[in-house]
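The values are calculated or read from the model by the stated rules, or taken from the named source; none is laboratory data. Quantities reported herein were computed from a predicted structural model and do not represent experimental measurements. Please note: Cβ atoms are built from the backbone with ideal geometry, for glycine as well, and neighbour counts cover all protein chains shown.
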């Protein structure tokens, strides 16, 4: 078996920053550290920190008054920040700067009196946080059909934003429909979809043509990982989203000569290596790295942790 190992893959700069922040908080303040929602959407990462005394919360009330709380990479609403302040929590903001960009755009458009159309997945942590910046002004759409159903009182005062981890192609279709229906709609000068999401999708789009099967490392609740599997299928190549080698099924590999392996932006490289080891052991796999685009992006630690990191 030949294995095409996609690059770039795995952790993005925002995930690295969030994980480094949690590591540093554990070192500085000790367990328990509380995190609002999962630090990133990956089972292995979450379980790794749970074993070290990190507690992941869905409700702020679960964090004891005065304890240390870290906001995840997906961002939170102003309401959550205020609640943390009222409970005297030591809050550390590990929101990805690219998510913060979308929040700031939402605030700007709301102040301009625009109706904001947010393209995203209902219930996703990032979407909840963004909508919380201007709940009265934001409408959520997930498809061109949702755009067709919109009824806007003042179409001349509209703007759109997007979740950062969406399918580039799907989002482009929705934006095109928005511009068709609402020609005066404003939008961000630079795409809200993050560089890592775009790069990983580009790699799958280019490399899947040479493969019979695509394996995407990532958890089921990872939006950007889901998109990678969907993209491979759209290119006519079967794909499976897996957490690790324990999810692999022998029947997937019947008649398969070439496998593309990649990983979502929240999947650690250790799970990629575990899958490669499995394929080597069971299928005598030969690994061929395929570089599509270089990545050299890094984000600074949260302000609350920078001094600790330098000391």
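In region 126-148, which residue that is assigned to a helix (DSSP H, G or I) and either under 21 Å from the mean Cα position of the chain (by Cα) or on the phi > 0 side of the Ramachandran plot (or both) is surrounded by the most Cβ atoms within 10 Å (Cβ to Cβ)?
Taking region 126-148 as the starting set, the residues that turn out to be assigned to a helix (DSSP H, G or I) are 126-131, 144-148.
Those left that are additionally either under 21 Å from the mean Cα position of the chain (by Cα) or on the phi > 0 side of the Ramachandran plot (or both): 126-131.
Details: 126: 27, 127: 23, 128: 17, 129: 27, 130: 29, 131: 20.
Among them, the one singled out is 130.
Can you find a residue that is in contact with a strand residue (DSSP E or B) (Cβ under 8 Å, 6 or more places away or on another chain), outside the structural domain of residue 166 (by TED's automatic domain parsing) and not in a helix (DSSP H, G or I) anywhere in region 225-238?
Yes, region 225-238 has at least one match.
Any chance you could count how many residues in region 154-171 are over 24 Å from residue 103 (Cβ atoms) and either under 18 Å from the mean Cα position of the chain (by Cα) or free of Cβ contacts under 8 Å to residues at least 12 places away in the same chain (or both)?
Matching residues across region 154-171 total 1.
Any residue in region 172-186 that's over 13 Å from residue 144 (Cβ atoms): show its pairings with residues that are part of a helix (DSSP H, G or I) at Cβ separation under 8 Å, as long as the two are six or more apart or on different chains.
Once the first residue is over 13 Å from residue 144 (Cβ atoms) and sits in region 172-186, its partners that are part of a helix (DSSP H, G or I) give 185/178; 185/179; 186/109.
Do we find a residue being under 20 Å from the mean Cα position of the chain (by Cα), at pLDDT 95 or above and in the same structural domain as residue 249 (by TED's automatic domain parsing) anywhere in region 204-212?
Taking region 204-212 first, the residues under 20 Å from the mean Cα position of the chain (by Cα) are 204-205.
Remaining after also requiring at pLDDT 95 or above: 204-205.
Now restrict to residues that are in the same structural domain as residue 249 (by TED's automatic domain parsing): 204-205.
Within region 204-212, one or more residues are under 20 Å from the mean Cα position of the chain (by Cα), at pLDDT 95 or above and in the same structural domain as residue 249 (by TED's automatic domain parsing).
Looking at (1) in a loop (DSSP other than H, G, I, E, B); (2) touching a helix residue (DSSP H, G or I) at 6+ places or on another chain (Cβ under 6 Å); (3) surrounded by fewer than 22 Cβ atoms within 10 Å (Cβ to Cβ), which is the only condition residue 151 fails?
(2)
Which residue is nearest to residue 244 (Cα to Cα), if the candidates are limited to region 22-56 and must be touching a strand residue (DSSP E or B) at 6+ places or on another chain (Cβ under 8 Å) and loosely packed, with under 14 Cβ neighbours inside 10 Å?
Quick first cut of region 22-56, residues touching a strand residue (DSSP E or B) at 6+ places or on another chain (Cβ under 8 Å) only: 22, 25-26, 29, 31-39, 46, 49-50, 53-56.
If we keep only those that are loosely packed, with under 14 Cβ neighbours inside 10 Å too, we end up with 31, 50, 53.
On the way: 31: 28, 50: 19, 53: 23 Å.
Once the filter is applied, the top-ranked residue is 50.
With respect to the numbered conditions (1) surrounded by fewer than 16 Cβ atoms within 10 Å (Cβ to Cβ); (2) farther than 26 Å from residue 298 by Cα, which one is the sole condition not fulfilled by residue 208?
Condition not satisfied by residue 208: (1).
How about region 28-47: which of its residues are outside any loop (DSSP other than H, G, I, E, B), in contact (Cβ under 8 Å) with a residue 24 or more places away in the chain and farther than 26 Å from residue 66 by Cβ? Working first, answer last.
Within region 28-47, the first condition is being outside any loop (DSSP other than H, G, I, E, B), and the residues that meet it are 28-29, 33-36, 43-47.
Filter again for in contact (Cβ under 8 Å) with a residue 24 or more places away in the chain, leaving 28-29, 33-36, 43-45.
Across region 28-47, the qualifying residues are 43, 44, 45.
(1) in contact (Cβ under 8 Å) with a residue 40 or more places away in the chain; (2) assigned to a loop (DSSP other than H, G, I, E, B); (3) under 16 Å from the mean Cα position of the chain (by Cα): which one isn't true of residue 122, the others all being true?
Checking residue 122 against (1) in contact (Cβ under 8 Å) with a residue 40 or more places away in the chain; (2) assigned to a loop (DSSP other than H, G, I, E, B); (3) under 16 Å from the mean Cα position of the chain (by Cα), the one that fails is (1).
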